[in-house]
Amino acid sequence: MKKVKAFAPATVANMGCGFDIMGMTLNGVGDVVSVEVSEGDELIINNVSGVELPDDIEKNVITPAVRALMAAAGMKRKIEVTVEKKILPGSGIGSSAASSAAAVYALNEALDRPFSDERLVEFAMEGEKLISNGVPHADNVAPAILGGVVLLRSYEPLDIVRLPVPEEFCCTVAHPEIMVSTAMARQVLPKEISMHTAVTQWGNVAGLVAGLTMGDIYLVGRSMKDVVAEPHRKQFIPGFDQLKEEVLAMGALAMNISGAGPSVFALSKNMQSAANIGYAMEKHFKELGHNADIYVTKVSNIGAQIIND
Ligand code: HSE
């Protein structure tokens, strides 16, 4: 019998304009999952997190991720997974991704690392497929495993590019107490976009990548504009336009929806500014009748980690 515990961080998917292809890692917020491997052929998932998770393991994102890894390893084992969630499901900061990322990371370690971290991304993506109307995407799981800012240049084949994280790159995330499922947030998106919209969006994606590479946080900020998903998703976030205007006037480099929402995130060039924006976001949601959890953190290069008790 071998038992391994792993941590995987919260992540901000899309980073504004990079729908399904960009994601970044938050420092210090995340999920802890332990995996116990022994002889047999069974998957058990225990939830000790105090957060409600599906009782049916077929509906838990960890199940397809673990099965994909075991199938690739060509092994059968009894696997007991214990989830100590810290990120609330449906928060928009990669809650499901952190769980499946931590699970495959711990399982790989327990099996003496048959797979690279990049392969683990592919397994964890199976969990995302379960909750995204069958569309696998890696913009949360890749940064949750690898850390930092990650670009998915291609899905077929998977081509993962790690981008530099600027020195002073501070993030405020507000998670208002509203439930928006990823499936629901994807259903409202258009199936097709105009050429004009596409040109605007790919200009911004290119600007974002260039800004990160050049360490130009102002270019990063002005490139973080999403004309594809945000116009359709902001309806789920009370007072979104008003909050964005306020936060940008306070000096934020950018503000966008985090992943599928309902969380929003703003980038700042120092922690003081990020903290002030956090107060403003909390006040905004409170005034509209919603409590909000606020995270003020640096964008981090640290992905999934083994935890030694
Ligand atoms: N890229 C995904 C989306 C992230 O925006 O739907 C949420 O999992």
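Some notes on this structure:
- Overall form of region 52-120 per C-alpha gyration tensor (a/c, 1.5; a/b vs b/c): prolate
- Computed from point charges on the beta carbon alone (+1 for Lys and Arg, -1 for Asp and Glu), the dipole magnitude for region 30-143 about its Cα centre is near 100 Debye.
- Here the calculated FRET efficiency for ALA71 and GLN305, from their Cβ-Cβ distance with R0 = 30 Å, stands at 0.75, rounded to the nearest 0.05.
- Three-way shape label, region 132-183, alpha-carbon gyration tensor, a/c 1.5: oblate
- Among MET179, VAL150, ALA103 - extreme Cα towards positive end, dipole of the chain, charges at beta-carbon: VAL150
- Among 19-27, 162-170, the peptide with the highest mean count of other Cβ atoms within 10 Å heads the list, and the full ranking is 19-27, 162-170.
- Sequence-separation-based contact order of the chain, relative, with Cα cut under 8 Å and 6+ spacing, percent: 25 percent
- Computed over neighbours whose Cβ is under 13 Å from that of PHE240, the net charge equals -2, Lys and Arg +1, Asp and Glu -1.
- The charge dipole of region 140-210, taken about its Cα centre with unit charges on the Cβ atoms of Lys, Arg (+1), Asp and Glu (-1) only, comes to about 180 debye.
- For region 188-309: span of alpha carbons on each principal axis (Å, largest first): 48, 37, 32
- Close amide-amide hydrogen proximity is noted between ILE302 and GLY148, each under 5 Å apart and 5 or more residues distant or on a separate chain (H modeled in the peptide plane; Pro and chain starts excluded).
- The length gained by stretching the chain between SER181 and HIS196 to full extension, at 0.36 nm per residue less their Cα-Cα distance, is 2.5 nm.
- Selection from PRO190, THR213, PRO136, by position along the positive dipole direction of the chain (Cβ): THR213
- Along the axis of the charge dipole computed for the chain (Cβ charges of +1 for Lys and Arg, -1 for Asp and Glu, origin at the Cα centre), the listed residues LEU163, HIS284, VAL296 are led at the positive end by LEU163.
- Relative packing of 115-122, 68-75, which averages over residues the other C-beta atoms within 10 Å, highest first: 115-122, 68-75
- Distance between region 95-147 and region 49-71 - C-alpha centres, whole angstrom: 12 Å
- The peptide list 2-10, 37-45, put in order of mean Cβ contacts within 10 Å with the highest first, becomes 2-10, 37-45.
- Between 0 and 90°, nearest 10: helix 62-73 axis offset from the chain longest Cα axis: 60 degrees
- Normalised alpha carbon radius of gyration of the chain [divisor 2.2 N^0.38 Å]: 0.96
- Rounded tilt (10° steps) of 271-287 against the dominant C-alpha axis of the chain: 90 degrees
- Too-long pairs where the Cα-Cα distance tops 30 Å, listed order kept, from LYS76/LYS191; LYS76/LYS298; LYS5/LYS269; LYS5/LYS76; LYS129/LYS269: LYS76/LYS191; LYS76/LYS298; LYS5/LYS269; LYS129/LYS269
- Charge dipole (Cα centre; +1 on Lys/Arg Cβ, -1 on Asp/Glu Cβ; no other charges) of region 20-65 amounts to roughly 300 debye.
Since every read-out is calculated from the coordinates, none of them should be taken as a lab result. In this text the structure is predicted, and so the values were computed from the model without any measurement. We place every Cβ from the backbone using ideal geometry, glycine too, and count neighbours over all the protein chains shown.
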